[in-house]
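For reference, the structure is listed below as structure tokens.
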Amino acid sequence: EAGVTQFPSHSVIEKGQTVTLRCDPISGHDNLYWYRRVMGKEIKFLLHFVKESKQDESGMPNNRFLAERTGGTYSTLKVQPAELEDSGVYFCASSPLLGLGDTEAFFGQGTRLTVV
Amino acid sequence: SQKIEQNSEALNIQEGKTATLTCNYTNYSPAYLQWYRQDPGRGPVFLLLIRENEKEKRKERLKVTFDTTLKQSLFHITASQPADSATYLCALDSGNQGGKLIFGQGTELSVKP
């Protein structure tokens with residue numbers, strides 16, 4: 001069974017440009033999460049989809065970040081325009097929709113974004 | 001605000017010894033706590049989950065304890081091996097029942113042969 005896959009694995013862009021990150025969750029997982037780790041800090045929650053609906057987007061830094069999950073399958077996270085402080089590793093995770101959410105989350109390998 | 005602290009220093013131990021990692025939290029009461037392993041360039045990998053009404057959980061060489069009075073979890077790896085070298089992350093549920101996790105900074109463990 002394929003795990004969570006993220007694309008690209010690395011992206012280097014200039015300040016002001018647009019970047020779109022993609023996440024393919026494990027098939028059948030209704031929960032999809034985006035997290036981010038910036039240099040020297042802990043992994044922080046960005047947002048949570050249940051199927052195609054945004055359940056919680058309290059961690060999104062600002063309106064330069066836009067996440068979508070059309071059809072409840074893969075998700076994209078677009079940063080437009082990118083700023084230097086957006087650099088970091090973006091992780092996607094998925095889990096099945098069960099009970100109170102206390103199930104393990106399956107993480108992708110991450111996308112390392114560098115804004116120069 | 002909710003805060004999680006893990007061993008701030010890297011942990012270096014000899015092969016065969018028991019590694020003990022600490023996770024302390026403040027300002028809330030999680031329903032469950034999870035431990036993940038992360039290797040360089042990879043995403044976190046789930047190891048164990050322990051609920052607030054459980055004191056201890058084991059899986060092979062791993063043991064987790066959860067003390068809701070002390071607001072602390074201890075993560076033990078017995079008979080450690082060089083292959084156990086990695087960063088270990090403590091993650092707590094946010095309380096919104098949606099599976100959103102709050103992570104500690106992680107503890108880097110190095111097991112020397």
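The values are calculated or read from the model by the stated rules, or taken from the named source; none is laboratory data. The shown structure was predicted, so the numbers you read here are calculated from the model rather than taken from an experiment. As a convention, Cβ positions derive from the backbone with ideal geometry for all residues, glycine included, and neighbour counts pool all protein chains shown. Protein only, heavy atoms only, side chains kept; ligands, DNA and RNA dropped before computing areas. Shrake-Rupley method; radii C 1.70, N 1.55, O 1.52, S 1.80 Å.
Comparing A:E83, A:E42, A:E68 in a Gaussian network model of chain A (Cα springs below 10 Å), the most mobile by mean-square fluctuation is A:E42. Less than 5 angstrom separates the built amide H of B:K100 from those of B:S94, all sequence-distant by 5 or more or on a different chain. Taking a label point 7 Å from the Cα of A:K78 along the Cα→Cβ vector, which residues of the range A:1-20 have an amide N closer than 18 Å to it? Answer for this model: A:7-8, A:13-20. Per residue, the accessible area of the protein assembly as shown comes to 50 Å², computed with a 1.4 Å probe over protein heavy atoms only. Comparing B:G16, B:G99, B:G41 in a Gaussian network model of chain B (Cα springs below 10 Å), the most mobile by mean-square fluctuation is B:G41.
Solvent-accessible surface, computed for protein heavy atoms with a probe of 1.4 Å, shrinks by 30 Å² or more for the following residues of the range B:43-88 when the other protein chains are added to the isolated chain: B:G43, B:P44, B:F46, B:R51. Compare B:A19, B:A83, B:A31 in a GNM of chain B, Cα atoms joined below 10 Å, and give the one with the largest fluctuation. Ranking B:A19, B:A83, B:A31 by mean-square fluctuation puts B:A83 first. Computed from backbone phi with θ = phi - 60° and the Karplus coefficients 6.51, -1.76 and 1.60, the 3J(HN,Hα) list for the range B:49-64 is 10, 10, 8, 4, 8, 10, 8, 8, 9, 10, 8, 6, 7, 9, 9, 10 Hz; x is used for glycine and proline. The relative contact order of chain A, computed from alpha carbon pairs under 8 Å that lie at least 6 residues apart in sequence, is 37 percent. Label point 7 Å out from A:R64 along Cα-to-Cβ: which residues of the range A:1-44 have amide N under 17 Å? In the range A:1-44, the label zone of A:R64 (backbone N under 17 Å from the point 7 Å along Cα→Cβ) covers A:11-21, A:36-39.
For the range B:67-79, backbone phi angles converted through the Karplus equation (6.51, -1.76, 1.60; θ = phi - 60°) give residue-by-residue couplings of 10, 6, 6, 7, 6, 8, 10, 10, 10, 10, 10, 8, 6 Hz, Gly and Pro being listed as x. Split the accessible area of chain B by element, probe 1.4 Å, and carbon with sulfur accounts for 45%. Between the range A:1-55 and the range B:1-66, the alpha-carbon centres lie 23 Å apart.
Just the protein heavy atoms count here, and of the accessible area of chain A at 1.4 Å, carbon and sulfur take up 50 percent. Surface burial for A against B, with a 1.4 Å probe and both sides summed, reaches about 1700 Å² of accessible area.
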